[in-house]
1. I'd like the distance between the alpha-carbon centres of the range 91-126 and the range 135-160, rounded to an integer number of Å.
2. First check a/c for the range 47-160, with a ≥ b ≥ c the square roots of the eigenvalues of its C-alpha gyration tensor; if it is under 1.5, answer rounded, and if not, answer prolate when a/b is larger than b/c or oblate otherwise.
3. Based on the alpha-carbon gyration tensor of the range 105-160 and its eigenvalue square roots a ≥ b ≥ c, which shape applies: rounded if a/c is under 1.5, prolate if not and a/b is larger than b/c, or oblate?
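Since every read-out is calculated from the coordinates, none of them should be taken as a lab result. None of these values were measured; they are calculated from a predicted model.
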Ligand code: HEC
Ligand code: HEC
């Protein structure tokens, strides 16, 4: 009878093990920035790409050194070694004709603040710093304040 008991115990343990393993095979995915977490084996649909904002025209900067956001679509604009589509409108020569603001003087400076004749290689890949303004909702809640709000609060507290 002893062997019968041990086999039953072993069998029970095996069944329990399978139950636990199948539970673990598809655990819930971590709460990411996408809506809904799903499980590890699920491929959830990507959220739709945010649209370029309807508000037209240049937008206020939140602090003086902010790279201004781009107030127009830039889809399929070529920026590579052969051509820079942005400079077709924003270069010194093209800006007046295109009705676009010229890249600022800082874009002609090398790392030693020496002003060069052409846009500095440091500033060639415009989208490294400039992004299109979209209607995307913030992914995480934040308490960002513009420089004016910060200044205003400092003055009120009598610290400046
Ligand atoms: C066909 C011409 C054209 C091209 C190409 C173009 N832009 Fe513009 N861009 C404009 C015009 C015109 C404005 C001004 C819009 C306004 O005043 O309403 C502008 C505005 C901007 C601004 C806002 C500047 C400010 O001070 O608010 C940024 C930044 C900008 N563009 C970056 C880019 C970048 C980066 C690219 C390439 C990916 C690019 N643009 C390509 C015409 C162009
Ligand atoms: C390393 C980051 C960086 C890169 C790369 C860069 N910019 Fe800027 N850009 C800035 C910052 C910061 C400002 C605002 C402060 C300033 O003028 O330097 C600015 C300002 C501008 C402005 C507003 C100028 C004005 O006087 O109002 C335009 C237009 C612009 N950039 C276009 C471009 C274009 C086009 C390119 C690519 C050829 C480019 N930028 C590359 C950071 C960058």
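1. When both Cα centres are located, 30 Å separates them.
2. oblate
3. It is oblate, given that a/c is not under 1.5 and a/b is not larger than b/c.
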